[in-house]
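*Asks:* What follows is a single structure, and I will ask about it in a moment.
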Amino acid sequence: MWKENLYQPVEILLREHDTFPIGEHQHSFFEMAYILEGTGSFVVNSVNGGEEHHNYCAADLCLIPPNRVHLFRTCSHSRYLFIRFTENYVTDYINRNAEGALDIQAGYCIRFQQSDAEMLHSLIELIVREVSEKKMMSGYLLNYYVNSVIVLAVRNLSTLAPEHDNADSSKAQYMLKYIRQHIHQPELLKLNIVAEKFHLSPTYAGRFFKRNFGEDFKQYIQKSRLKTVEDMLVGTQMSIKEISNRMGYTDPCYLNKLFQQYHNMTPLQYRKKYCDTHLPISEEK
């Protein structure tokens, strides 16, 4: 079973498909799928082992908590807005009760009160516009919009789920939080250092991470650090040398080589391709 990870606290994706390209899968994070257009069905495996089937149409919002196996099937051409965020993001930026409320056990398509449904629709329109146009300061506005969507979802969930009591799950999420807090400090992200921090042996820590996130620890760290580099290339005017120093890479040449392995382009080429057109582009390599 393929398990997808998230390499940043929040990610927003606009997608459209005639046939949904991914079969059954699961995430290590929360995902909200807002249906912008089209019809189809959403299938999710409940915690009790059964399956829930929901027919979807425009303006529906599906919520998928971490580790729930699910899939989408399209009946007509469908456009989706996916809002993905980690458990720690909800705890850090909203509150712990919100995280518990979102970890629903059943009823994965949220039914909103009329006034909240209208507010949600307005927020979604704002998110789509900012994602599509990528204006200056869009990232700050998107954070506010996403947080508002999450709060609306929490308010319209009928009951609060019990708080997590799974020690392994909690430790795994705190491990991710530690990684994000120290993403600029590679010396603190070595497996033996992280293992000591969480009172695990290095060998067990590697297996523990792989079991919880379906991905090799070192590979996850490298992808997360490169994702931060991507954000800095697009969202700042820092030179490649400055980004390399900030992220703790040995030298800019090494960062260039590593970045090309993942993206088939240099950091400067990536910046020219994706940078907000309102920001001047540094030519320094």
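*Asks:* Can you compute the helix-only [θ] at 222 nm over the chain? Use -39500 (n - 2.57) per DSSP H run of at least 4 residues, normalise by all residues, nearest 500 deg cm²/dmol.
*Replies:* Helix-only estimate at 222 nm: -14500 deg cm²/dmol.
*Asks:* Follow-up question, since we're still on this one. Can you give the relative contact order of segment 167-274 as a percent, counting alpha carbon pairs under 8 Å and 6+ residues apart?
*Replies:* Values: 80 pairs, mean separation 22.5, N = 108.
Averaging sequence separation for qualifying contacts and normalising by length gives 21 percent for segment 167-274.
*Asks:* Step through the residues of segment 203-218 one at a time and calculate ³J(HN,Hα) from phi using the Karplus curve (6.51 cos²θ - 1.76 cosθ + 1.60, θ = phi - 60°), rounding each to whole Hz and writing x for Gly and Pro.
*Replies:* 5, 5, 4, x, 5, 4, 5, 4, 5, 7, 10, x, 8, 5, 4, 4
*Asks:* By how many degrees, 0 to 90 and rounded to 10, does the Cα axis of helix 114-133 deviate from the longest principal axis of the chain?
*Replies:* The two axes meet at around 30 degrees.
*Asks:* While we're on this one: Between E133 and N97, what is the label-point separation in nm under the 7 Å Cα-to-beta-carbon projection?
*Replies:* Computed distance between label sites N97 and E133 equals 3.6 nm.
*Asks:* Sticking with this structure for a sec: In the set [x] 30, 21, 19; [y] 32, 25, 17; [z] 30, 27, 16, which value of semi-axes √(5λ) of the Cα gyration tensor in Å was calculated from the structure you see?
*Replies:* So the calculated entry is the one marked [y].
*Asks:* What size of dipole, in debye to the nearest 20, comes out for the chain about its Cα centre when the only charges are +1 on Lys and Arg C-beta atoms and -1 on Asp and Glu C-beta atoms?
*Replies:* Numbers: 31 positive and 33 negative charges, 186 e Å.
In total the dipole reaches around 900 debye.
*Asks:* Please list, by residue number, everything in segment 68-112 whose backbone N is under 13 Å from a paramagnetic label point 7 Å out along Cα→Cβ of H53.
*Replies:* Correct set: 73.
*Asks:* Under 11 Å from the Cβ of T228, count the other residues' Cβ atoms, weight Lys and Arg +1, Asp and Glu -1, and hand me the total. List each step's numbers first, then the result.
*Replies:* On the way: positive: R180, K223, R225, K227, R246; negative: E230, D231.
The answer is +3.
*Asks:* Sum up the charges of everything whose Cβ sits under 13 Å from the Cβ of V69, counting Lys and Arg as +1 and Asp and Glu as -1, but leave V69 out. Provide the component values of the computation, followed by the final result.
*Replies:* Values: positive: K3, R68; negative: E4, E24, E31, E51, E52.
Summing Lys/Arg as +1 and Asp/Glu as -1 gives -3.
*Asks:* Suppose R0 equals 30 Å. What FRET efficiency, 1/(1 + (r/R0)^6) with r the Cβ-Cβ distance, do T266 and L141 give to the nearest 0.05? Could you put the intermediate results ahead of the total?
*Replies:* Values: r = 30 Å, r/R0 = 0.99.
Computed FRET efficiency for T266 and L141: 0.50.
*Asks:* Greater than 20 Å separation of Cα atoms is the criterion. Which listed pairs, K218/K241; K190/K227; K218/K257; K134/K218, meet it? Could the numbers behind the result be given before it?
*Replies:* On the way: K218/K241 24 Å; K190/K227 18 Å; K218/K257 17 Å; K134/K218 32 Å.
In this structure, K218/K241; K134/K218 lie more than 20 Å apart at Cα.
*Asks:* I've got another one for you. So how strong a dipole does segment 167-274 carry about its Cα centre when Lys and Arg Cβ are +1 and Asp and Glu Cβ are -1, to the nearest 20 debye? Before the final figure, lay out each step's value.
*Replies:* On the way: 18 positive and 9 negative charges, 34 e Å.
The dipole of segment 167-274 has a size of about 160 debye.
*Asks:* Give me the angle, in degrees from 0 to 90, between the Cα long axis of helix 138-156 and the longest principal axis of the Cα atoms of the chain, rounded to the nearest 10.
*Replies:* So the inclination is approximately 30 degrees.
*Asks:* Moving on. Based on other C-beta atoms within 10 Å, arrange Y274, Y262 from fewest to most.
*Replies:* Numbers: Y274 11, Y262 14.
Ordered by Cβ neighbours within 10 Å, fewest first: Y274, Y262.
Computed from the coordinates by the stated procedures, all read-outs in this text should not be read as laboratory data. Given the structure is predicted, the values throughout are model-derived calculations rather than measurements. Virtual Cβ from ideal backbone geometry, glycine too; neighbours counted across all protein chains shown.
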